[in-house]
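Asks: Quick one: the structure is below, and I'll ask about it shortly.
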Amino acid sequence: MIEAGLAPGDDSAVLEEVASEFRIRMTPAMQAAARPGTAADPIAAQFVPDARELDTRPEELLDPIGDDIHSPVPGLTHRYPDRVILHITKTCEVYCRFCFRREVVGEDGTLPEDDLTAALDYIARTPAIHEVILTGGDPLVLSPRRIAAVMARLTKIPHLDVVRIHTRIPVVAPDRIDAAMVAALRTERLAVWLVLHTNHANELTPDACAALARLADAGIPLLSQSVLLRGVNADADTLADLFRALIRNRVKPYYLHHCDLARGTSHFRTSIAEGQAIMAALRGRISGTCLPQYVLDLPGGHGKVPLGPGYLDETAPGRWLIRDWQGTPHEYRDPGA
Ligand code: SF4
């Protein structure tokens, strides 16, 4: 990072201390997209280690969203009845400084074959499961051959309908989205959705947009998830730019995550009230197609909850006070009440 000019040379001792706690990696694509020497650069802020990561708060957790509590077999999280997360690798092409799985990512790579088989057996004997979410780490660090092999095994499980892939690869390493990777993601039977993790419009470089076009042109539906991050995107202008850029690239903004309680991430975290104010400022200003849902993953593994903001109060049975996008309240009598 210092050699690339992304961190000042006199920070080396701090960087070493942070590196002893959390993994560090930034791809050439993201190094090129960052603006070295710019203190508030939104790309550098996501990947360049910072002394503030050494500040651990009492409320911060090693497993912020409770993956382990809901793990029936290694490599699998079964939190909701109809879907599971399959952690097929713990490796990523970048290590985000705010990652909610920062305690486990980067550990020795791919899910061992025995564990993968046990996870697939669990899915096969649980007919309530309709959707498998491939994540990690980042599943698209794996070779197209390995991804195709996993997809083929999933396709054979008759009660599965959907595979969802959560990845940062199209923005951080767009060259990996080549014809072989696109072919590996397509199956004859299962619907495959790709959810792109991206937090700032500067990540959507021409190469990243080309990678997204390759996926969209192949008929793979694209969603996005972003994390609300102080110093990166925590204002309505920045998020409006990001969400419009995503829609231009045929990616539907899906989730805006409130920053999870991972260790050493308090400098990124806004309050919920700040997040709600940003979402309220975006409504009406950008198209509804651009608006994601603002959510919190409840600590302890209790799942995602929409954080609003709310627009209505029931003032009497069947009578509501509803605020429009500019904040003006209107009375509404619910004829169906
Ligand atoms: S790519 Fe995803 S899993 Fe990997 S470090 Fe970033 S947020 Fe964490």
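Asks: Mind checking whether some residue in region 78-99 is open to solvent by less than 30 Å² (accessible area, probe 1.4 Å), free of Cβ contacts under 8 Å to residues at least 40 places away in the same chain and within 14 Å of the ligand (Cβ to nearest atom)?
Replies: no
Asks: Out of the residues in region 100-117 that are open to solvent by 60 Å² or more (accessible area, probe 1.4 Å) and more than 27 Å from VAL232 (Cα to Cα), which is nearest to the ligand (Cβ to nearest atom)?
Replies: Filtering region 100-117 for residues that are open to solvent by 60 Å² or more (accessible area, probe 1.4 Å) and more than 27 Å from VAL232 (Cα to Cα), the one nearest to the ligand (Cβ to nearest atom) comes out as ASP108.
Asks: Please enumerate the residues belonging to region 251-275 that are open to solvent by 30 Å² or more (accessible area, probe 1.4 Å) and part of a loop (DSSP other than H, G, I, E, B).
Replies: The answer is LEU261, ARG263, ARG269, SER271.
Asks: Name the helices (runs of 4 or more DSSP H) wholly within region 1-74 that hold at least 2 residues that are loosely packed, with under 14 Cβ neighbours inside 10 Å, away from the ligand (no atom under 15 Å from the Cβ) and at pLDDT below 85?
Replies: Working: elements: 12-21, 28-33, 44-47.
The qualifying helices (runs of 4 or more DSSP H) are 12-21.
Asks: For region 174-184, does any single residue satisfy the condition of being touching a strand residue (DSSP E or B) at 6+ places or on another chain (Cβ under 6 Å) and within 16 Å of the ligand (Cβ to nearest atom)?
Replies: Looking for residues that are touching a strand residue (DSSP E or B) at 6+ places or on another chain (Cβ under 6 Å) and within 16 Å of the ligand (Cβ to nearest atom), one finds none in region 174-184, hence no.
Asks: As an exercise: evaluate ILE169 against (1) among the aliphatic types (A, V, I, L, M); (2) more than 20 Å from LYS90 (Cβ to Cβ); (3) within 16 Å of the ligand (Cβ to nearest atom) and give the number of the one condition it does not meet.
Replies: (2)
Asks: Between a first residue in region 196-218 that is free of Cβ contacts under 8 Å to residues at least 60 places away in the same chain and in the same structural domain as TYR95 (by TED's automatic domain parsing) and a second residue that is polar (S, T, N, Q) and more than 16 Å from the ligand (Cβ to nearest atom), which pairs have beta carbons less than 8 Å apart while being 6 or more apart in sequence or on different chains?
Replies: So the pair list comes out as ALA201/THR238; LEU204/ASN249; CYS209/ASN249; LEU212/ASN249; ALA213/ASN249; ALA216/ASN249.
The values are calculated or read from the model by the stated rules, or taken from the named source; none is laboratory data. Being a predicted model, the structure only gives us computed values, none of them experimental. We place every Cβ from the backbone using ideal geometry, glycine too, and count neighbours over all the protein chains shown. Each accessible area value is taken on the protein alone, full model and side chains, heavy atoms only, with ligands, DNA and RNA left out. Shrake-Rupley method; radii C 1.70, N 1.55, O 1.52, S 1.80 Å.
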